[in-house]
Amino acid sequence: FGLLGPNGAGKTTMLSMLCTILKPTSGTALVNGYDILSENAQVRKSIGIVFQDPSVDADMTGLENLQMHADLYDVPYAELDARIQSVLELVQLEDRANDFLSTYSMGMRRRLEIARGLLHYPKILFLDEPTIGLDPQSREHMWDHIRMLRKREDMTIILTTHYMEEADRLCDRVAIIDHGKIVALDKPSELKKSLGGDTIILGTTNGQELHDLLIKNSLSGKAEIHNGEVRAMVTNANVLLPRILEQVATAGIRIEYIYLNHPDMNDVFIHYTGRDLRKEQARGNIGKMAMMRRRRVR
């Protein structure tokens, strides 16, 4: 299950409440059948969480990090070695268990955090932006591990992400949050279908004139002006695009570029929030990089 939303939409706040880190100002919620206010201890025992910021101890080995977590969660001593070996194999870190985390790459640390979150056999695993800061290759490897978890473990995985392809490829269902409210909830395929066809994106300095032309001549069922672009939603772009270009040329409207695409999760995001997920992602990454630099300076 995926949570998408602009920066400040409430994704991490929602996860923090569901994990009983924050108390809701009003209302309540059930996690695995337990009330997050009156049964918070049971909630914590039934969940695992991988935080957005690193939370493993770099001065310890991978094995020592897992042993400390097992002690906090009262993992039975008789099962400890077998459980640690199992989760290390799951994230393919068994050969690095005795190495200090200072020698781990960022991707390896994220995998160890997932192993730690699985150690006490949770029913629900929360992943708060698990691939943030990873290079594309490490991100692909992390996706593979998450897919493997879905197949091998009997658990629900809830992740927040800024990566549209991550939500599309990993999630059975996606909720889009804006201003603290869920504005869309469905399978990724159904959310894309809800947009009603293809999108033709035309870059122009005469956005309003082009928009009015498309509507007036019934060349688009719906057209929007967004960040200097005109987005025309059509049912069959391959048929309509030549007609649109003919009308544009006749009207003398200059077109700087044209993109044709089938609906993706970024289109869905723009439709429901009015904001571009890729730009939100970039702004979020810049902020996180600045935060990491400040930590290194300290």
Return yes when residue 63 is modelled with pLDDT under 90 and assigned by TED's automatic domain parsing to the domain that holds residue 111 and no when it is not.
no
Within the bounds of region 14-35, is there any residue that is surrounded by 19 or more Cβ atoms within 10 Å (Cβ to Cβ), touching a helix residue (DSSP H, G or I) at 6+ places or on another chain (Cβ under 9 Å) and at pLDDT below 90?
no
Exactly one of 204, 199, 250 is closer than 27 Å to residue 131 by Cβ and either among the β-branched types (Val, Ile, Thr) or in contact with an Asp or Glu (Cβ under 6 Å, 6 or more places away or on another chain) (or both), and that one is 199
Is it true that some residue in region 40-47 is touching a Pro at 6+ places or on another chain (Cβ under 9 Å) and of a type in the set (D, E, K, R)?
yes
So residue 272 ticks every box in (1) surrounded by fewer than 16 Cβ atoms within 10 Å (Cβ to Cβ); (2) not assigned by TED's automatic domain parsing to the domain that holds residue 14 but one. Which box is left unticked?
(1)
Could we say that residue 138 is farther than 26 Å from residue 46 by Cα, touching a residue at least 24 places away in the same chain (Cβ under 8 Å), touching a helix residue (DSSP H, G or I) at 6+ places or on another chain (Cβ under 6 Å) and among the small types (Gly, Ala, Ser) here?
yes
With the structure loaded, tell me whether residue 184 is under 19 Å from residue 9 (Cβ atoms), touching a His at 6+ places or on another chain (Cβ under 9 Å) and assigned to a strand (DSSP E or B) or whether it fails that test.
yes
Quick one: is residue 234 modelled with pLDDT of 80 or more and within 24 Å of residue 7 (Cβ to Cβ)?
no
Looking at region 114-138, which of its residues are within 17 Å of the chain's Cα centre (by Cα), buried (at least 19 other Cβ atoms within 10 Å of the Cβ) and in a helix (DSSP H, G or I)?
114
Give me the pairs, please: first residue somewhere in region 49-77 and more than 12 Å from residue 109 (Cβ to Cβ), second residue anywhere and hydroxyl-bearing (Ser, Thr, Tyr) and not in a loop (DSSP other than H, G, I, E, B), beta-carbon distance under 8 Å, and either six or more positions apart or on two chains.
52/12; 52/160; 59/102
Say we look at region 220-255 and pick out the residues that are part of a loop (DSSP other than H, G, I, E, B) and over 35 Å from the mean Cα position of the chain (by Cα); which of these is surrounded by the most Cβ atoms within 10 Å (Cβ to Cβ)?
253
Taking the residues in region 149-168 that are part of a helix (DSSP H, G or I) and modelled with pLDDT of 90 or more as candidates, determine which candidate is nearest to residue 8 (Cα to Cα).
167
Where residue 239 falls short, out of the listed (1) modelled with pLDDT under 85; (2) β-branched (Val, Ile, Thr); (3) in contact with a strand residue (DSSP E or B) (Cβ under 9 Å, 6 or more places away or on another chain)
(3)
It is to be established whether one or more residues within region 200-215 are farther than 16 Å from residue 261 by Cα, assigned to a loop (DSSP other than H, G, I, E, B) and of a type in the set (Val, Ile, Thr).
yes
Count of region 40-93 residues which are outside any helix (DSSP H, G or I) and either surrounded by 18 or more Cβ atoms within 10 Å (Cβ to Cβ) or within 28 Å of the chain's Cα centre (by Cα) (or both)
19
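The values are calculated or read from the model by the stated rules, or taken from the named source; none is laboratory data. Please read all numbers here as calculations on a predicted model, not as lab measurements. Quick reminder, even Gly has a Cβ in these numbers, built from the backbone with ideal geometry, and neighbours come from all protein chains shown.
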